[in-house]
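Participant: This is the structure I have questions about; it appears just below.
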Amino acid sequence: MQTAIAWRSFRFAAPLVIPIVTAFVLVHGNVRGQAAGQAQAKGPQITQTVVLDNERFNVRRLTFPVGYRQQLHTVAANRDELVILITPAQFEGQVDDKKEISDKPGKIWPTPKAPSQHAFANLSQQPIDILVVQAK
């Protein structure tokens, strides 16, 4: 029941939080943080920057290098997430058995917590930035 209430609150707050966080990220440019995501034997890794972390939300900006493809995995924080494309470039999202490709900034992939699995891939010839929004 608590999860349903949290997700409902997240759905109603997301339309307010997403534009504010997206504007913040775009205004503050390409700040990079530590590598995140799945280990990859060779090549560039995903980088991430925490954009917002308060009692209600955690928002991170992730940059996928050219050609980077995640392995199918679950959300480590055991929370539902929204993955939002902010770069106009080909990005593939798979949530469980459903794959979808988009190049439209603002495209959202809801990614439920475990046991649901997801993976994302940069299909473009440029790095791609996304936002990952988690309700706490």
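The values are calculated or read from the model by the stated rules, or taken from the named source; none is laboratory data. From a predicted model like this one, the values you see are computed outputs, not experimental measurements. When we count neighbours, we look across all protein chains shown, and the Cβ atoms used for this are built from the backbone with ideal geometry, even at glycine. In case anyone asks, the SASA skips ligands and DNA or RNA and just uses the protein heavy atoms, side chains included. Shrake-Rupley method; radii C 1.70, N 1.55, O 1.52, S 1.80 Å.
Participant: Give just the number: which of (1) in contact (Cβ under 8 Å) with a residue 40 or more places away in the chain; (2) more than 13 Å from LEU62 (Cβ to Cβ) does THR87 not satisfy?
Facilitator: Status for THR87: all satisfied but (2).
Participant: Would you check which residues across the range 110-120 are in a strand (DSSP E or B) and within 22 Å of VAL51 (Cβ to Cβ) and list them?
Facilitator: Answer for the range 110-120, where residues must be in a strand (DSSP E or B) and within 22 Å of VAL51 (Cβ to Cβ): PRO110, THR111, HIS118, PHE120.
Participant: Next up: Any chance you could count how many residues in the range 103-129 are farther than 15 Å from GLY67 by Cα and within 14 Å of the chain's Cα centre (by Cα)?
Facilitator: The qualifying residues number 11.
Participant: Continuing with the same structure: Right, GLN134: polar (S, T, N, Q) and open to solvent by 30 Å² or more (accessible area, probe 1.4 Å) or not?
Facilitator: no
Participant: In the range 67-109, what count of residues is obtained for those that are open to solvent by 70 Å² or more (accessible area, probe 1.4 Å), outside any loop (DSSP other than H, G, I, E, B) and either at pLDDT below 95 or farther than 19 Å from THR47 by Cα (or both)?
Facilitator: Number satisfying all stated conditions: 3.
Participant: On the given criteria, is ALA77 in contact (Cβ under 8 Å) with a residue 40 or more places away in the chain and over 11 Å from ALA119 (Cβ atoms)? Quick ask: steps written out before the conclusion?
Facilitator: Values: in contact (Cβ under 8 Å) with a residue 40 or more places away in the chain: yes; over 11 Å from ALA119 (Cβ atoms): yes.
Yes: the conditions hold for ALA77.
Participant: Might you check whether a residue that is without any contact (Cβ under 8 Å) to a residue 12 or more places away in the chain and acidic (Asp, Glu) occurs anywhere in the range 98-117? If you could, list the steps in order and put the result at the bottom.
Facilitator: To start, the set of residues in the range 98-117 that are without any contact (Cβ under 8 Å) to a residue 12 or more places away in the chain comprises 98-100.
Checking the rest, the ones that are also acidic (Asp, Glu) come to 100.
So far as the range 98-117 goes, yes, one or more of its residues are without any contact (Cβ under 8 Å) to a residue 12 or more places away in the chain and acidic (Asp, Glu).
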